[in-house]
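Below is one structure, written out as structure tokens; comments come after it.
The values are calculated or read from the model by the stated rules, or taken from the named source; none is laboratory data. Just so it is clear, the structure is predicted and the values come from calculations on it, not from any experiment. Cβ placement follows ideal geometry from the backbone for every residue including glycine, while neighbour counts extend to all protein chains displayed. Just so you know, the surface numbers come from the protein's heavy atoms only, side chains and all, with ligands and any DNA or RNA stripped out. Shrake-Rupley method; radii C 1.70, N 1.55, O 1.52, S 1.80 Å.
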Amino acid sequence: RDFLPRGSGIVTRRPLILQLIFSKTEYAEFLHCKSKKFTDFDEVRQEIEAETDRVTGTNKGISPVPINLRVYSPHVLNLTLIDLPGITKVPVGDQPQDIEYQIKEMILQFISRESSLILAVTPANMDLANSDALKMAKEVDPQGLRTIGVITKLDLMDEGTDARDVLENKLLPLRRGYIGVVNRSQKDIDGKKDIRAALAAERKFFLSHPAYRHMADRMGTPHLQKVLNQQLTNHIRETLPSLRSKLQSQLLSLEKEVEEYKNFRPDDPTRKTKALLQMVQQFGVDFEKRIEGSGDQVDTLELSGGARINRIFHERFPFELVKMEFDEKDLRREISYAIKNIHGVRQVSERRRLLRATQTGLFTPDLAFEAIVKKQVVKLKEPCLKCVDLVIQELINTVRQCTSKLGSYPRLREETERIVTTHIREREGKTKDQILLLIDIELSYINTNHEDFIGFANAQQRNTQTNKKRAIPNQVIRRGWLTINNISIMKGGSKEYWFVLTAESLSWYKDEE
């Protein structure tokens, strides 16, 4: 039967799912107009063209929505074929710029399924290595287990050339091999050449051609039909057990669900309690994942949850501490006033003060030192409390993000947010008390005998060690001329300097001296 549209350019613009079903009578029917039975196959062709245009328009547009056609006939073997569009490289008419990508995606949707067989059609007058059909089949079926090669236009090959190596499965081997066919030309179609006559001409071509004569029984459209039917039957037989077990497991889960709903009472309080508990537990899980950093959906637009809190601790808090600048002059003046105020009317000489410092371990009197240090330690309170506020705010934001799943139940969402936020606020007060207590502990006693503390004795000891180190000759690693460019302090642009790199320092000399 001749009912598939043929012509130049892209003719198949929608996938056609063609089911051939063995029956005593011959007719066709479409899924989109089930009530109508087509006995005239010219009408079938017209309906395919009309249905294609209905979805894709008349100017070469394409669509992945398939047309379903069933053909019942005593002259067919049970077989399901999907006719897909050919791979177009350059867009024409109303076709989008990414037409090639769209068609490839459409084809991959069908051929990626493990349960399908791939019929890779390649013209014989084209290099097999450049075949788009075989290339795409290779992508989804690298071992060639479900790909059948079909070679067309064998009668159009240049004189002196043939496709014998390909058809004998020697050139690019496929597990299921290649079958050669000779179809009607466009001239034959236009001239309404009978398909039976075309099949007879095809048979004659294979029997008379010296390169294909020995394999004529394995060539031609009738043989392709038998092979497809046989291979599809075998393929179904192989895939059926896994399909059956998959369906059985789906059936069991559905039966279980049906059993649950059989005794379903919408007003049953236990169901409501269970649903409530599940939602609250899910909220807890989501909150923990956002803080711990193992959520299902990772935010790629901004930091949130645990990552933001980590940033507050390791970036924002140190920054707030660094911001606490103090004026060195003011500090020196405060130290001076503190020392003088401690001594009051009993101002002592510098020498006696040093002597006393040696005994106590401090340059300055203890009380003066503590007064100055405590004043600096107290300044830590503000950035520490600010850090707590930032962390609390981030926790509350995280709670709001996690309750978004409860959007269908506004009162539940509101109540959950209120309870959790209240709890966080309670902990905030206790956390701030704990931090202030830690700072008060630091203020209550300053250990000047600690080994890390640089008092007079430690300073003296370190000074001696430093002098010993300096006694060792300073080792020169490298010296030489280097040019410095584009420094604003140098008006002359680039200039050469004599550099000396030692183990302790890097020095450079501005001039010959």
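If you filter the stretch 14-35 down to residues that are open to solvent by less than 40 Å² (accessible area, probe 1.4 Å) and in contact with an Asp or Glu (Cβ under 9 Å, 6 or more places away or on another chain), you find that the one that is farthest from Ser73 (Cα to Cα) is Arg14. Considering Asp83, Asp98, the condition of being surrounded by fewer than 13 Cβ atoms within 10 Å (Cβ to Cβ), at negative phi, under 34 Å from the mean Cα position of the chain (by Cα) and in the same structural domain as Glu47 (by the TED database) is satisfied by Asp98 alone. Can you confirm whether Leu243 is assigned to a helix (DSSP H, G or I) and either touching a residue at least 40 places away in the same chain (Cβ under 8 Å) or in contact with a Pro (Cβ under 6 Å, 6 or more places away or on another chain) (or both)? When the stated conditions are applied, Leu243 passes them.
Inside the stretch 257-287, can you point out the residues that are surrounded by 10 or more Cβ atoms within 10 Å (Cβ to Cβ) and basic (Lys, Arg)? Residues satisfying the conditions are Arg271, Lys272, Lys274. In the set Phe369, Phe326, Phe363, only one residue is modelled with pLDDT under 80 and in contact with a Ser or Thr (Cβ under 8 Å, 6 or more places away or on another chain); that residue is Phe369.
Taking the listed residues Thr421, Thr398, Thr448, the one that is hydroxyl-bearing (Ser, Thr, Tyr), farther than 30 Å from Ala275 by Cα and surrounded by 10 or more Cβ atoms within 10 Å (Cβ to Cβ) is Thr448, with no other qualifying.
Scanning the stretch 191-212 for residues that are over 28 Å from Asp2 (Cα atoms) and surrounded by 11 or more Cβ atoms within 10 Å (Cβ to Cβ) gives a single hit, Ala211. Residues in the stretch 55-80 that are touching a residue at least 40 places away in the same chain (Cβ under 8 Å) and either of a type in the set (D, E, K, R) or open to solvent by 40 Å² or more (accessible area, probe 1.4 Å) (or both): Val55, Lys60, Pro64, Val65, Pro66, Asn68, Arg70, Pro74, His75, Leu77, Asn78, Thr80.
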